[in-house]
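The values are calculated or read from the model by the stated rules, or taken from the named source; none is laboratory data. Quantities reported herein were computed from a predicted structural model and do not represent experimental measurements. Glycine gets a Cβ as well: all are built from the backbone with ideal geometry, and neighbour counts include every protein chain shown. Just the protein is used for accessible areas: all its heavy atoms, side chains included, with ligands, DNA and RNA removed. Shrake-Rupley method; radii C 1.70, N 1.55, O 1.52, S 1.80 Å.
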Amino acid sequence: MNITAKNKIFYFWGIMDVIGIVFYFVGPYHLLQSWWDSSGGNFGVIIFMLIAGGVNGLLTGLFYLVYLLWPVSLLFSAWFFFTTHRYAVRFALAQEVLRLLTMSCSVTLFPMIIVGLGMSVIPLNITLLILSEIVKIGSLIFIMKKWDAGDGVKKYLP
């Protein structure tokens, strides 16, 4: 099997998504977990916030819903990357919006290192988030440009 640069990029982002799934369950999402546990883990709480809270309740409910669906999104993304699915690039680019909303880095090693070293400060976190997204979008643009050049990446983008 010939491992090309595009396969290495796909494997790298697939591994980052798998680490992101693990980090989601053991990482700094304790506030959401405590909220979820205190509500009894009932999905009806989100529905209640959507109905009873007006616009603020709607936004809060959607915010928590995004966080609850985030590991599922990462699972699909990792699977798309590992199987070199033709929608992997499109899915990853669409997922970038959710990443910015949830403030989660694409390079999941960055937050793990920051938390491990105890250096969590907002300017550093935002800088690493922006750097992480620049790296991911840049690598996806690289794959898209290779497709436009016609070197056989048509299975990634139809």
**OP:** Report, ordered by the first and then the second residue, all pairs with beta carbons closer than 9 Å, sequence separation of six or more or different chains, a first member in region 122-140 that is in contact (Cβ under 8 Å) with a residue 60 or more places away in the chain, and a second member that is assigned to a helix (DSSP H, G or I) and open to solvent by 70 Å² or more (accessible area, probe 1.4 Å).
**Re:** 139/12
**OP:** Would you check which residues across region 1-17 are surrounded by fewer than 18 Cβ atoms within 10 Å (Cβ to Cβ) and modelled with pLDDT of 80 or more and list them?
**Re:** 4, 5, 7, 8, 11, 12, 15
Original post:
Within the set of pairs 6+ apart or on separate chains, which have a first residue in region 105-119 that is among the hydrophobic types (A, V, I, L, M, F, W, C), a second that is surrounded by fewer than 16 Cβ atoms within 10 Å (Cβ to Cβ), and C-beta atoms under 6 Å apart?
Top reply: 114/120
Original post:
Mind checking whether some residue in region 96-105 is within 23 Å of residue 64 (Cα to Cα) and basic (Lys, Arg)?
Top reply: yes
